[in-house]
Amino acid sequence: MRAIKAQEQQQMEKPSFGELIGRLATESSQLVREEFSLAKHEIVEKFSQSAESGKLFAAGAVLGLGAIFSFCAFLILVLDIWLPAWAAAGLVTLSFGIATYLALQTGLTKWRSLNKNLDQTMETLEEDKRWIKDLDLTK
């Protein structure tokens, strides 16, 4: 008699198929929300890393403008003591052009080297895929 009651109680504790499907739907939607949250976090992180290379681009641009508008005239006048004015102007322009190019190339190289993939999100999505495949609804 006790064995029958224990068996009936066990069957009553087992969730029905509908309950299992409901639980799966709830947990799946929660999982999707968490994945979107993770992706958003990763995108913000990648954007902040990209901002650093943008700062180097800006520094290169400021160097270029500074070369054109301020220091060029001074250097040309100083070099004019030893060189003709046209040679002094050419030398100053070439020097600042090289400095500008190097700053922009450094920023571009750093920007290209950033990993722009959402590695953590992709990894957890793969784990979720494996988890769903391994899911046994009869438990």
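The values are calculated or read from the model by the stated rules, or taken from the named source; none is laboratory data. All figures in this text were calculated on a predicted structure; none of them were measured in a lab. Please note: Cβ atoms are built from the backbone with ideal geometry, for glycine as well, and neighbour counts cover all protein chains shown.
Give all pairs with beta carbons closer than 9 Å in which a residue from the range 99-125 that is surrounded by 13 or more Cβ atoms within 10 Å (Cβ to Cβ) meets a residue that is polar (S, T, N, Q) and modelled with pLDDT of 90 or more; count only pairs at least 6 apart in sequence or on separate chains.
none
Can you work out which of the residues in the range 28-68 that are of a type in the set (Lys, Arg) and under 13 Å from the mean Cα position of the chain (by Cα) is surrounded by the fewest Cβ atoms within 10 Å (Cβ to Cβ)? If you could, list the steps in order and put the result at the bottom.
Of the residues in the range 28-68, the ones of a type in the set (Lys, Arg) are 33, 40, 46, 55.
Pick out the ones that are also under 13 Å from the mean Cα position of the chain (by Cα) and you get 40, 46.
Numbers: Lys40: 12, Lys46: 16.
Going through the qualifying residues, I end up with Lys40.
Within the range 5-16, does at least one residue satisfy the condition of being of a type outside the set (D, E, K, R) and either modelled with pLDDT of 85 or more or within 30 Å of Asp128 (Cβ to Cβ) (or both)?
Going through the range 5-16, the residues of a type outside the set (D, E, K, R) turn out to be 6-7, 9-12, 15-16.
Those still in the list that are either modelled with pLDDT of 85 or more or within 30 Å of Asp128 (Cβ to Cβ) (or both) too: 15-16.
Yes.
Residue by residue through the range 29-66, note down the ones that are among the hydroxyl-bearing types (Ser, Thr, Tyr) and without any contact (Cβ under 8 Å) to a residue 40 or more places away in the chain.
Of all residues in the range 29-66, those among the hydroxyl-bearing types (Ser, Thr, Tyr) come to 29, 37, 48, 50, 53.
Answer for the range 29-66, where residues must be among the hydroxyl-bearing types (Ser, Thr, Tyr) and without any contact (Cβ under 8 Å) to a residue 40 or more places away in the chain: Ser29, Ser37, Ser48.
Looking only at residues that are among the hydroxyl-bearing types (Ser, Thr, Tyr) and touching a helix residue (DSSP H, G or I) at 6+ places or on another chain (Cβ under 9 Å) in the range 64-112, which one is nearest to Lys46 (Cα to Cα)?
Looking only at the range 64-112, we keep the residues that are among the hydroxyl-bearing types (Ser, Thr, Tyr), and these are 70, 93, 95, 100-101, 106, 109.
When the remaining residues are screened for being touching a helix residue (DSSP H, G or I) at 6+ places or on another chain (Cβ under 9 Å), the result is 93, 95, 100-101, 106, 109.
On the way: Thr93: 36, Ser95: 34, Thr100: 26, Tyr101: 25, Thr106: 19, Thr109: 16 Å.
Among those that are among the hydroxyl-bearing types (Ser, Thr, Tyr) and touching a helix residue (DSSP H, G or I) at 6+ places or on another chain (Cβ under 9 Å), it is Thr109.
Taking the stated definitions as given, is Ser95 among the polar types (S, T, N, Q) and more than 30 Å from Ser16 (Cα to Cα)? Talk me through it step by step, then tell me what you get.
Values: among the polar types (S, T, N, Q): yes; more than 30 Å from Ser16 (Cα to Cα): yes.
When the stated conditions are applied, Ser95 passes them.
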